[in-house]
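The values are calculated or read from the model by the stated rules, or taken from the named source; none is laboratory data. Note that the structure is a prediction, hence the values are computed from the model and not measured. Cβ sites come from the backbone with ideal geometry, for glycine too, and all protein chains shown count toward neighbours. With ligands, DNA and RNA removed, areas are computed over all heavy atoms of the protein, side chains included. Shrake-Rupley method; radii C 1.70, N 1.55, O 1.52, S 1.80 Å.
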Amino acid sequence: MRVARAFRALYRVLVDYCSNCSLAGIGNIANRRYHWTERVFWFACVLLSWTWACLLIKTYMELFRRDAVSIVVESLDSRKDKTTFPSVGVCEMGYTKQHYDALQRLIEGFRTTEEMEYNYDVEEFMLRLIYHNLYNYGSIKSYCAMYKDCTDCVPCPVAGYSNYSATVRASCEQLFDHCSWNGREFDCCQYFRTIQTTMGSCFLLNSIQTVQKYGPKWLRMEMGMGEPRAELLLNFSRATTAYIQNEEDIPHMLLTTLQFNQMPEGFAGKIFITLQNIINDPLVRTVDKDIRRCVFPDEETGTRYEKYSYSVCVTECLKLAQIRTCNCCHHNMLLGKHDQSPVCGYDGLNCLDQRDLMFPQTTIMQPWRTNGLVCDCYPSCTEHEIRIIGRESDTERRTGRSVLIKLMALPSQRYRRQIVRENIDVVVSIGGILGLYTGASILSLVEFIYFFTIRLGSYFANEVKGEQDGSEEGSSDEDMRARGE
């Protein structure tokens, strides 16, 4: 009985709502005074109108997801707009013609008896683990397999590679000889700060990954009308690779476009660049990252680095792929002292080597690839456009290496990322479509809620009360007939 009363009340509310609602055409369908053919005609019109409205809303939402953000070019006022020189990363590289005294002492320490000879294969193995540029596919077993069961020779170590790497790689003071900005010398190790990357331990200048922007460890390298010159000169004592990058980026073995090697002694290189900045309107942050197709460095993404960047995302993607495939990661992937990720020993390195995860192909960064690894990484929203317009190199009669990075001209234009459609535009557009095709408004929603809550409860209460009154009248009639008898 209770279910029957609820259905009767719901039917009365539905008829009442259709007869009195403000939605266009619904009242004509529910009006019983119209011929059934007219009511069918209005039903077809309402159905067609709602179908068109839904299709338009779907098309608009797809367009909003694709084209909510646009990038335009605007001119710069060189009299007041400042340009900041890009960040620079420096990583020590392995060089086969260079002597590594620390590595030789390390291998000497592996000898357990004086009769054991120095093992040059172990030295080559260690060089390929410590310096990623010397690694080649299949080199893990080729240098160590023959010494696995040897008792009177120096075998390859099977663990502790991160400690060996820290022992052999040069410190900042050992790596840098001289640094200057526009002819003014500065303390290299005060501004170049250490960070762990896929290339091992590297040094970054003016990186928000290592120092606070414009803090005491940030070197002011700004150019304008007062000082248009922009030259950064770096001198090294060992073979290095220099990276020109954005302030949120880190060196990466797969990102080689702006990578420059200074390998042989006496090498002197010059790199000429141009720079075009990008800025973002404040409302860009209100749009989801999947719509704007970029991520701000300070957005929370779960990365172990201080800030997000494309290179950070690719680094952690490769690390997760190594752990997922071989249950461990390369020792260069340890990001800080508190990183508890499993580090590969000798067997783990063999696994990475066999599956080409030590130095994978660049297809890892191409989302449309279906074979192999895929890293679905967005670029940073603050990435500037850095272009190489010229390079020169020479060899001098000296033991060090040097690189001069020069910005050829101050930029006259910059990019601006701005919003084409905001969230409020979505509300207005959808509301306009519904109003045009169905006559709906915000009050139509209130009306719908009112009918199917308050009015439905009222009808249900009336149904219950009517049944109670009917039962009381029936019992009174029976009493009267009983007294008459």
(message) For region 309-338, give me the residue count where each residue is farther than 22 Å from Leu255 by Cβ, assigned to a loop (DSSP other than H, G, I, E, B) and not polar (S, T, N, Q).
(response) 3
(request) Evaluate the following for Ile279: is it modelled with pLDDT of 90 or more, in contact with a Cys (Cβ under 9 Å, 6 or more places away or on another chain), more than 20 Å from Met408 (Cβ to Cβ) and not in a helix (DSSP H, G or I)? (result) no
(request) Kindly list, by first and then second residue, each pair from a residue in region 424-437 that is at negative phi and of a type in the set (A, V, I, L, M) to a residue that is open to solvent by 40 Å² or more (accessible area, probe 1.4 Å) and in a helix (DSSP H, G or I), limited to pairs with Cβ atoms under 8 Å and residues at least 6 apart or on different chains. (result) Val426/Met61; Ile433/Leu56
(message) Anything in region 436-458 that is in a helix (DSSP H, G or I) and either under 30 Å from Arg285 (Cα atoms) or of a type in the set (A, V, I, L, M, F, W, C) (or both)? List them, or say none.
(response) Leu436, Ile442, Leu443, Leu445, Val446, Phe448, Ile449, Phe451, Phe452, Ile454, Leu456
(message) Suppose the filter is within 17 Å of Tyr143 (Cβ to Cβ) and open to solvent by less than 10 Å² (accessible area, probe 1.4 Å); does Cys344 pass it?
(response) yes
(request) Look through region 237-252, keep the residues that are open to solvent by 10 Å² or more (accessible area, probe 1.4 Å) and charged (D, E, K, R), and return whichever of them is farthest from Asn332 (Cα to Cα). (result) Glu247
(request) Would you please list the contacts, defined by Cβ atoms under 9 Å and residues six or more apart or on different chains, that run from a residue in region 368-396 that is in a loop (DSSP other than H, G, I, E, B) and at pLDDT below 80 to a residue that is surrounded by fewer than 16 Cβ atoms within 10 Å (Cβ to Cβ) and among the charged types (D, E, K, R)? (result) Gly372/Asp356
(request) Go through region 166-188 and give me each residue that's open to solvent by less than 20 Å² (accessible area, probe 1.4 Å) and assigned to a helix (DSSP H, G or I). (result) Val168, Cys172, Leu175, Cys188
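Listed here are the residues, each with its yes/no results for (1) in contact with an Asp or Glu (Cβ under 6 Å, 6 or more places away or on another chain); (2) β-branched (Val, Ile, Thr); (3) under 19 Å from Tyr100 (Cβ atoms); (4) outside any helix (DSSP H, G or I).
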position: Thr151; (1), (2), (3), (4): no, yes, no, yes
position: Pro157; (1), (2), (3), (4): no, no, yes, yes
position: Tyr164; (1), (2), (3), (4): no, no, yes, no
position: Gln190; (1), (2), (3), (4): no, no, no, no
position: Ile195; (1), (2), (3), (4): no, yes, no, yes
(message) Give me the residue from region 287-341 that is more than 27 Å from Cys351 (Cβ to Cβ) and open to solvent by 80 Å² or more (accessible area, probe 1.4 Å) and, out of that set, modelled with the highest pLDDT.
(response) Asp298
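Of the residues Ile279, Ile273, only one is more than 30 Å from Tyr100 (Cα to Cα) and buried (at least 17 other Cβ atoms within 10 Å of the Cβ); which? Explain how you work it out, then say what you get.
Working: Ile279 fails: buried (at least 17 other Cβ atoms within 10 Å of the Cβ).
Of the residues listed, the single one that is more than 30 Å from Tyr100 (Cα to Cα) and buried (at least 17 other Cβ atoms within 10 Å of the Cβ) is Ile273.
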